[in-house]
1. Which aspartates and glutamates have a Cα less than 15 Å from the Cα of C:K129, not counting those fewer than 8 places away in the same chain?
2. Please report, in debye to the nearest 20, how large the charge dipole of the protein assembly as shown is about its Cα centre when each Lys and Arg carries +1 at its beta carbon and each Asp and Glu carries -1 there.
3. Using a 10 Å cut-off on Cβ to Cβ distances, tally the other chain neighbours for every residue of E:145-155 and report the average as a whole number.
4. Once the Cβ-Cβ distance between D:N227 and D:R202 is put in as r, and R0 is 30 Å, what FRET efficiency do you end up with, to the nearest 0.05?
5. Counting only DSSP beta bridges with both residues in the protein assembly as shown, tell me the antiparallel percent, nearest 5.
6. Where the accessible area of region E:70-352 is counted over protein heavy atoms with a 1.4 Å probe, how much of it, in %, is carbon and sulfur?
7. Place the label 7 angstrom along Cα→C-beta at B:E132 and in each other copy, then list the distances from the first to the rest in nm, shortest first.
8. Once amide H atoms are placed 1.01 Å from N in the peptide plane, what residues at a sequence separation of 5 or more from A:R225, or on another chain, have their amide H within under 5 Å of its amide H?
Amino acid sequence: MSQEPILTARGLVKRYGRVTALDNADFDLYPGEILAVIGDNGAGKSSLIKAISGAVHPDEGEIRLNGEVIHFRSPMEARDAGIETVYQNLALSPALSIADNMFLGREIRKPGFLGQWFRMLDRPAMEKRAREKLTELGLMTIQNIGQAVETLSGGQRQGVAVARAAAFGSKVVIMDEPTAALGVKESRRVLELILDVKRRGLPIVLISHNMPHVFEVADRIHIHRLGRRLTVIDPKQYSMSDAVAFMTGAKPAPEQMVAA
Amino acid sequence: MSQEPILTARGLVKRYGRVTALDNADFDLYPGEILAVIGDNGAGKSSLIKAISGAVHPDEGEIRLNGEVIHFRSPMEARDAGIETVYQNLALSPALSIADNMFLGREIRKPGFLGQWFRMLDRPAMEKRAREKLTELGLMTIQNIGQAVETLSGGQRQGVAVARAAAFGSKVVIMDEPTAALGVKESRRVLELILDVKRRGLPIVLISHNMPHVFEVADRIHIHRLGRRLTVIDPKQYSMSDAVAFMTGAKPAPEQMVAA
Amino acid sequence: ADISACLITKTDTNPFFVKMKEGATAKANELGVQLKAYAGKIDGDNESQVAAIESCIADGAKGILLVPSDTKAIVDSVKKARDAGILVIALDTPLEPIDAADATFATDNFKAGELIGSWAKATLGDAAKDAKIAYMDLTPSQPTVDVLRDQGFMTGFGIDTKDVNKIGDEDDPRNVCHDVTNGNEEGGRKAMENCLQKDPGINVVYTINEPSAAGAYEALKSVGMESNVLIVSVDGGCPGVKNVEAGVIGATSQQYPLLMASMGIEAIKKFADTGEKPAPTEGKDFFDTGVTLVTDKPAEGVESIDTKDGLAKCWG
Amino acid sequence: MSDATAAGGKQPQEFEKVLSGSDTSVANFETQSRTPLETAQHFLHSNPAAVPLIVLLLSILGFGIAVGGKFFSAFTMTLILQQVAIVGIVGAAQTLVILTAGIDLSVGAIMVLSSVVMGQFTFRYGLPAPVAILCGFAVGGLCGWLNGALVAHMKLPPFIVTLGTWQIILAANFLYSANETIRSQDIDAQAPLLKIFGETFRLGGAVFTFGVIVMVLLVAVLWYILNHTAWGRHVYAVGDDPEAAKLSGVRVKGMLVQVYVLSGLICALAGWVLIGRLGSVSPTSGQFTNIESITAVVIGGISLFGGRGSILGMIFGALIVGVFSLGLRLIGTDPQWTYLLIGLLIIVAVAIDQWIRKVAG
Amino acid sequence: MSDATAAGGKQPQEFEKVLSGSDTSVANFETQSRTPLETAQHFLHSNPAAVPLIVLLLSILGFGIAVGGKFFSAFTMTLILQQVAIVGIVGAAQTLVILTAGIDLSVGAIMVLSSVVMGQFTFRYGLPAPVAILCGFAVGGLCGWLNGALVAHMKLPPFIVTLGTWQIILAANFLYSANETIRSQDIDAQAPLLKIFGETFRLGGAVFTFGVIVMVLLVAVLWYILNHTAWGRHVYAVGDDPEAAKLSGVRVKGMLVQVYVLSGLICALAGWVLIGRLGSVSPTSGQFTNIESITAVVIGGISLFGGRGSILGMIFGALIVGVFSLGLRLIGTDPQWTYLLIGLLIIVAVAIDQWIRKVAG
Ligand SMILES: Nc1ncnc2c1ncn2[C@@H]1O[C@H](COP(=O)(O)OP(=O)(O)OP(=O)(O)O)[C@@H](O)[C@H]1O
Ligand SMILES: Nc1ncnc2c1ncn2[C@@H]1O[C@H](COP(=O)(O)OP(=O)(O)OP(=O)(O)O)[C@@H](O)[C@H]1O
Ligand SMILES: OC[C@H]1O[C@](O)(CO)[C@@H](O)[C@@H]1O
Ligand SMILES: [Mg+2]
Ligand SMILES: [Mg+2]
């Protein structure tokens, strides 16, 4: 594509005490694409997307959204800018209801007087919209939208998190290993959801250790190694074996990077 | 095989409040085999192996080890009987050292007077043996056996848990999704380790959502659905598609069970 | 040479002890004595006083002025100080036994109680026969001041005290309630409320000191009973005397903490200079710093001064 | 460049294709017919303030029977409310903090310092009472801000922070006040506004103080805020899982600071009410208010781990303690029996709560 | 029956075969040359008792300079030890409980009740002193067992359990003792064994009580047990992550009960030492011992979340408080300044600790 990237990062550095989790990492995401990020455990994938989504502050480096330099001080600001993230640990509040969780930080208030002066929440509206989102995404049947998230199974929880991101992302959706704990059936549904979001025109970042899944859905694959971007490959030009070989250091990475 | 099963369970029931996690589940493990357990999220796989390893007490049902009925009141007793388990959440103490973790509950005391009267731990001996185990299993290079487990990467942690089970299991080794969070390389090492343990003559129970891995190493596959054993299949006679179809209810399970 | 002395009070929050400290400090400056002051965290806090005594020993003090919180439990520590050659004077509250200290400078607390007891009895006249009395006592451990004033009041009122060393063993039906106040406003209010519940007909309230009397008064006021009840107290601080003037308190037994403090410092100075120890008042086992009943409604047969005189002699 | 597996690109793996036929019904573990016991448990489980309310009603009933008619009098009932007012107000502050998984040992100290500031600013510096009262609130808010900043920005455990500030604030209170008590008559004469919450009015036999009214209003307003505004839901989210709250868009640090500041302001309000209750400004009051407020919160079924419970539970908890204390006095037991029974009550209340959670799953 | 993918059985997937050639070196993030600051941080990080030890030495030095030579005298130094003995012993009990991620608010009450039992059983029932002392230990152990059983078996939060038992035990103490103090003279005459820990012996200018010796021995023994026996490691494991400890073979419930019982027995020991220190048996003592012992533990760098810290840190923490208290008293500051400074100390000590953890990563 000849388009400009929607989201870029250059020279990101993040240190945790003596550990350097990000070591001059770069990143590019183009409009409408599914970009997979793969790498060994501890390569720095989660740190990368946390830096991009405002969950941690990089020690060095620059992030641009649509060409403009941004400095998110909190995940809230990234969300306000249209970047939605499914974190590896889901980030749901166990004791709050499904609807409360989906709307946390972007609650709907009652119209008119009550909402404006008494800042009263519009529970029915939020529950209705939450139910719609879940149904629309065809993800699962949840009987009671008011039930606490802690009463859901692991798969259902992952579903809520994914649905929240898919429903509210207006510019970018990022998913960190959204299928790690899921079974065959549940994983497939998440993949379908990802393709769905793409069809709506949003670019997606997918972190995953599952090579067949990555090669099935990704338009480009960002290979992360030792805290930095090693290379970006086109899944149609390289095999899974190649990708694994690059990512584990079994083969040197190709010199030229694939411009998307 | 015409042998007697080493570990059996009949009619296990376990309820959590209104949820029935195990609903009359059966289970058989034969000597020297790798038995895979597969099933949807929430099917009750973890509950099953927790019941077998003494981590939870089934409400009903009977468990036999080598034909004798057993009632483990704690994981400790299961371990004393030679059953070692890698739980889904690893069960490592973050602030304790690798050596302390490996020997937790089976510490080695100093020989002679100090050990007998003052119950003094033999730190050097434990560290030496821990290092040996980790090296012998060829799993990874850990510089400092005295470092706290919390300073290890996710993969290294899983490695310590697996090594502990492999090293101490004398009758049975159980692993609950030991590769869920692991990368391609790290998962492969765990599979090799499993084959290694089998070569030492121990039977292994492997819970996994990764079909290719399951079909690669399993001798028999126990399919769990809605809290009970649906069927047991021989991976040489059924395809992955069949297994997935049974486990998700897409196809009815074959009538006759495969005696191993 | 430089003589150093210690003042250890029950708390440093009761105005009585605040004044005592001021008086002692002034006297110490005058005589060139170095004074360090210590206090417990709450009334009844014995451990802080033990630690304070030890500090004084370590500090090489010549004398200690002590207002003991727990009059029995502190005795051993006092002995240690005396063994170290320090003069220990109990102020306000005698030790048990009283001769555990080298000297005691105090109000005659039994008499203080007796005065307000007799006054209440005389004021009530015939009604005294079926009075309903509530006692706002000090702390559960019943230190000497607590017992002396409480039992003194009963004696003055004509109630059989049974064991005069023990509060609460009486069987006179006029005693309807005993509760502890820790000698402060909050405790006074709570204790009074509790007693009111037991018997809303209470018409005489004995209080261990003026802070607790103030609290008890608020409780009475909140249920509109303040004018039906006779409150008596001990202390005679300026706020207390004003309360007598305003009719909040019927009568109070005035004590003289500044005198206790200044005499105490003088005694220590003298002991340091000459080795001589202070002597008790004739016929008593302690030095009596005096007590005077203050009321604007004098009663027959009970000697008293009015609030104008009381205000002239009050202490802060 | 490409091998066999690469051919699989853009295609699900073979074994995943069968999924289209998989069972789409959702497993329903729920037993259809519920026994009355189960229904009750479910109700109790979903209404966290119900258990303390029931305990409260039962204890009123119990003492009513044991003590007789006098216990049911409007007089007794309102006296309980009066005795509970301070703990109820401070308990509201404590509830906010505990809902965020914190704990505030300094509440009593903040309350007393604020009341001393209100008094001394009026009498020592001659400020008009309303100004002095505002200064008292400012000091309360400031103490709360200090706690909040240490907890949120320095990431210190709330127990430790407030253990420290408790001692600091209390000592500051004694040093500043020079332990002077301000007398009731002086307040009446010069600044009756300080005592406004001690004013009473009657409704039949019942005597209410303004302090009681303000407690009830405060709890009602906080209940509304906690349950019907975004800010309130964020308080729960922060206590439930701060990391999750942060990642899903709650400004956790800001929330924590706000909660502690609000708690400080409420303690200042309690300080004002305290002046009304004692009639005077006494720097020695409130020594046990922290423990009493935590007790009310705990008996009220609010989890010390944060994120669970209702502020209504706290007020029922405070009333239960009030009913027990007064009831036992009326029966005529030694006050020590009250402490003993309240100790038992704490354990029993929490055990019941735990049991309901467990059985209701 | 078998399709394309089944052919892969017993074979790794294609893309996994390349792994044989993968990089086998282990990523080494560690910067090779450490600056002296980093080395210091690392040292402090791996020796949890080092920070309080350094603070202790600095504060002794500071007060030595401020107070003058008298502060360094053997007499003063040993006096601090004497004053710290009770808090140090109770702090050892508190340390055990806090290491298991618990907290014990009832320690002071157990201590006092045990001392009262030792005294009253001797004087009220005329039992021989050794028997009465054993009874005191039995009562202490029983109280601990009650706490432990409620925490381990009923799964109630330790804060709530001990908030309850604190009140229960204290009230039982007052009811049983009838608030009677047993006087020093009587103990000397009839049962001097009760006061044995108050006995002193001299070494030059230093004055040691047996109470001090027993505190030092107790801490040394517990240090050995916690660090060099399996039981001790299990205490840490339980506090670190009880679920993990249970699954990896620690009898968590049993351990918890044992820890609380041991804590109760240590409190009983403290009760015995208390008789020696006060000379008498006083049922009103120990009101602040719970807060004081928690303060020592916290300043000693032991985590309130369990599993981290050294019992040596606790004793240094207790000594720091002792040095501050005595030092400030000898300087002659208002006692309120002492409380204020100790409050500051708590916060600063924990902030430093947190900072070291953070920077040392
Ligand atoms: N909060 C933290 N504190 C200290 N070290 C951290 C922290 N977060 C990450 N790290 C370290 O940074 C490195 C990169 O971690 P990161 O989570 O980004 O890896 P990852 O590629 O997402 O791994 P995985 O595939 O296992 O999720 C690891 O060595 C990890 O231990
Ligand atoms: N401690 C618990 N309390 C309540 N419900 C539980 C508990 N543990 C398991 N369950 C429920 O029991 C059912 C079976 O859970 P289990 O963990 O055994 O499933 P699983 O097959 O291991 O799933 P997964 O593949 O996601 O690990 C689920 O519905 C789960 O929600
Ligand atoms: O708290 C009791 C103390 O209060 C006083 O009456 C002063 O108010 C003292 O004489 C007494 O010791
Ligand atoms: Mg990650
Ligand atoms: Mg599982």
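1. Qualifying aspartates and glutamates at Cα under 15 Å: C:D160, C:D171, C:D172.
2. Values: 133 positive and 144 negative charges, 618 e Å.
My answer is approximately 2960 debye.
3. Values: counts 0, 1, 0, 0, 0, 3, 0, 0, 0, 5, 4.
So the per-residue partner count for this stretch is 1.
4. Numbers: r = 33 Å, r/R0 = 1.10.
With a Förster radius of 30 Å, E is 0.35.
5. Numbers: 59 of 128 bridges.
About 45 percent, rounded to the nearest 5.
6. Using a 1.4 Å probe with all protein chains present, region E:70-352 comes out at 72 percent carbon and sulfur.
7. Counterpart label points of B:E132 in the remaining copies fall at 6.7 nm.
8. The answer is A:L230.
The values are calculated or read from the model by the stated rules, or taken from the named source; none is laboratory data. Predicted model only: the values in this text are computed from it and were never measured. When we count neighbours, we look across all protein chains shown, and the Cβ atoms used for this are built from the backbone with ideal geometry, even at glycine. Only protein heavy atoms, including side chains, enter the accessible area calculation; ligands, DNA and RNA are left aside. Shrake-Rupley method; radii C 1.70, N 1.55, O 1.52, S 1.80 Å.
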